[in-house]
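Inspection log for the structure reproduced underneath, given as structure tokens.
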Amino acid sequence: MNTPPVIVWFRHDLRLTDHPALHAAVASGRPVIPAYIHSDDGEGDWPLGGATRVGLHHALGALDVSLREAGSQLIIRAGASTHETLSALIYETDASAVYFCDRYEPAVIERDDAIASALRRVGIEVHRYRAGLLYDPAEVYTGQGNPYTVFTPFYRKCLAMPPIRSPLVRPSEADWQSPETWPTTMSVDELGLLPDHPWHESVASHMNCSEADVLGRLDRFLADPVTRYKDERDRTDLDATSGMSTGLRFGLVSPYTVWDRALRARQRHRSSEARGQIDAFLRQLIWREFAYHLLVHFPHTTTEPLRENFAVFPWVDDEAALQRWQRGQTGYPIVDAGMRQLWQTGWMHNRVRMIVASFLCKDLLIHWHHGARWFWDTLFDADLANNTLGWQWTAGCGADAQPFFRIFNPTAQAEKFDPEGVYIRRWVPELAGLSGQMIHEPPALHRPSDYPEPMVDHKRARDEALAAYETVKAKSLA
Ligand SMILES: Cc1cc2nc3c(=O)[nH]c(=O)nc-3n(C[C@H](O)[C@H](O)[C@H](O)COP(=O)(O)OP(=O)(O)OC[C@H]3O[C@@H](n4cnc5c(N)ncnc54)[C@H](O)[C@@H]3O)c2cc1C
């Protein structure tokens, strides 16, 4: 009698290296069916955004190529219900087990728990693994048994936890068993993830779509730029960060692999200076863990402020202003550069994310929801935990957030982090001819006719924001 196959359910882990579910399934010695189930159910209020649909299209294609090189293939199915679609595949293939890596978005946890219980009830083995986070959000608590809401103690607690496991190697081809007959599969194209708009072609050229591309980028970063990371990570004109966020979002690389390779790079350097730079990079990976810790423990924060008194903040409804921000037409060069980089490449530098978010929430007084939704739709690395943390942090209403009264001056930020205006010239070409400091704040006389004048006066907008903040303060005192 044939051994029944097992299904490896791929989700936000579209890779072969350090994939504990795949590793265990292959090690079971049973035929392995790698599967991807497409459905929006369980994603709650956050169905895939436009850029992540494009990214997913390419990442699935690349995963199928890697699997085929290993003598396997990806089975793609789609349906309104993940549970029903997965069950149909199990039934068709007579699979005896499902292996998968956990996700941590609240709605997905609920869906996956329900699916796992239902499968177990009908005698299907379910094997679940942690692969997307270094620490289980349910295992990191303060001394009083509460979740953390401040980063630094969370970071210290993480460093005091048992060492992070080493990444698993990709299963060797000789160990794979495949089913005698493969079930039918849809093609990636049939999922219809790409929009009609030709935007997707140019934006996709900026994404590292495959596991090999992402690991190559990681190794290049760790070979040298990481030794300047702490000093240069805020410089918008330099390519000084790892570029790992999209790979982490799709699981083309695991955080264990990033952590392990960064630690090895640290060991190669003797100087405390270089090690300090690498420590700053490792620390950012813990910010990602903190974001998931908050998401799991405070799931309402994807839409509600963590600081409840912010619920009364008098946000302004201004569709026209929102559109100018989205299109990079605010008249503030660094803000416009960031918004255009986002639209054209599906990515934006972290410092600029903070500047544009501050501009939306504090200069325009537009609710951070609108910014979070726009990022969700346009970022390749759109991630519910990191995006929520980033927006609540900038708006001043989240855990360990920047205080509301600290309002970024976009011109001063540009002068500091894009001193020669290289970043602005790259993304706002109509300003390329401006020399010196004019690039940061084009004077009316020199402003090109096709570039807008500033849509608000920053100083006045700042005063108005602080006045609006009084309502929150009043609420706190009441
Ligand atoms: C308003 C706003 C929205 C954001 N939305 C997202 C998002 O949707 N998805 C996303 O991945 N990041 C988001 N970030 C965080 C950060 O901007 C990106 O992770 C970073 O720019 C990615 O570039 P990198 O991989 O080169 O980062 P590096 O500087 O090389 O950092 C390495 C990794 O550490 C993690 N990391 C770095 N900074 C942060 C941070 N501030 N918060 C949490 N994790 C961090 C990321 O996983 C990143 O890939 C947001 C930040 C802000 C201010």
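Just a few scattered comments:
- Table column - 3J(HN,Hα) (Hz), segment 182-188, Karplus curve with 6.51, -1.76, 1.60, x for Gly and Pro: 8, x, 5, 9, 7, 7, 4
- Shape of segment 280-340, Cα gyration tensor, a/c cut at 1.5: oblate
- Net charge of neighbours whose Cβ lies under 12 Å from the Cβ of residue 318, counting Lys and Arg as +1 and Asp and Glu as -1: -2
- Among the listed pairs 230/416; 362/475; 230/459; 362/473, those beyond 21 Å (Cα-Cα): 230/459
- If you take all other residues with their beta carbon under 12 Å from the beta carbon of residue 30, and give Lys and Arg +1 and Asp and Glu -1, the sum is -3.
- Annotation note: trypsin sites (Lys or Arg not before Pro) in segment 368-431 located in DSSP loop regions with a Cβ neighbour count of at most 13 within 10 Å are 406.
- Selection among 467, 323, 414 by position relative to the dipole of segment 308-477 gives 414 as farthest towards the positive end (Cβ unit charges, Cα centre).
- Of all stretches in the chain that contain no GluC sites (Glu not before Pro) in a DSSP loop with at most 16 other Cβ atoms within 10 Å, the longest one is 181-419.
- Length-normalised contact order of the chain in % [C-alpha pairs under 8 Å, at least 6 apart]: 18
- Take the Cα of residue 190, step 7 Å toward its Cβ, do the same at residue 120, and the gap between the two points is 3.3 nm.
- Cα shape, segment 1-118, gyration tensor, a/c 1.5 rule: oblate
- Taking amide H as placed 1.01 Å from N in the peptide plane, residue 129 has its amide H under 5 Å from the amide H of 100, 101, 102, each at least 5 places away in sequence or on another chain.
- Taking Cβ atoms as reference points and 13 Å as the exclusive limit, the residues near residue 237 contribute a net charge of 0, counting Lys and Arg as +1 and Asp and Glu as -1.
- Long-range HN-HN contacts of residue 78 with modeled amide H, under 5 Å: 38
- Between segment 176-221 and segment 266-289, the Cα center-to-center distance that results, in Å: 31
- For segment 64-85 versus segment 415-478, the inter-centroid distance based on Cα atoms is 47 Å.
- Computed about its Cα centre, the charge dipole of the chain is approximately 1560 debye, with only Lys, Arg, Asp and Glu carrying charge at their Cβ.
- Once the Cα atoms are used to define both axes, helix 82-93 deviates from the longest principal axis of the chain by about 30 degrees.
- Shown in residue order for segment 65-78 are the 3J(HN,Hα) couplings computed by the Karplus curve 6.51 cos²θ - 1.76 cosθ + 1.60 at θ = phi - 60°: 4, 4, 5, 5, 4, 8, x, 10, 6, 9, 9, 10, 10, 9 Hz (x for Gly and Pro).
- Evaluated over the chain, the Cα radius of gyration and Dmax, each in Å: 23.6, 84
- The chain: angle of helix 255-268 to the longest principal axis, Cα-based, in degrees nearest 10: 70
- Computed 3J(HN,Hα) for segment 7-13, one whole-Hz value per residue from the Karplus formula 6.51 cos²θ - 1.76 cosθ + 1.60 where θ = phi - 60°, is 9, 9, 8, 7, 9, 9, 8, glycine and proline marked x.
- Note on residue 275 and residue 27: the model spin-label points, each 7 Å out from Cα along the C-beta direction, lie 3.2 nm apart.
- Candidate aspartates and glutamates - alpha carbon under 18 Å from residue 157, same-chain residues fewer than 8 apart omitted: 136, 139, 279, 289, 400
- Averaging Cα coordinates gives a centre for segment 223-254 and one for segment 341-355; these two points are 13 Å apart.
Readers should treat all values here as calculations from the given coordinates under stated rules, not as data from a laboratory. Computed from a predicted structure; not experimentally measured. Cβ sites come from the backbone with ideal geometry, for glycine too, and all protein chains shown count toward neighbours.
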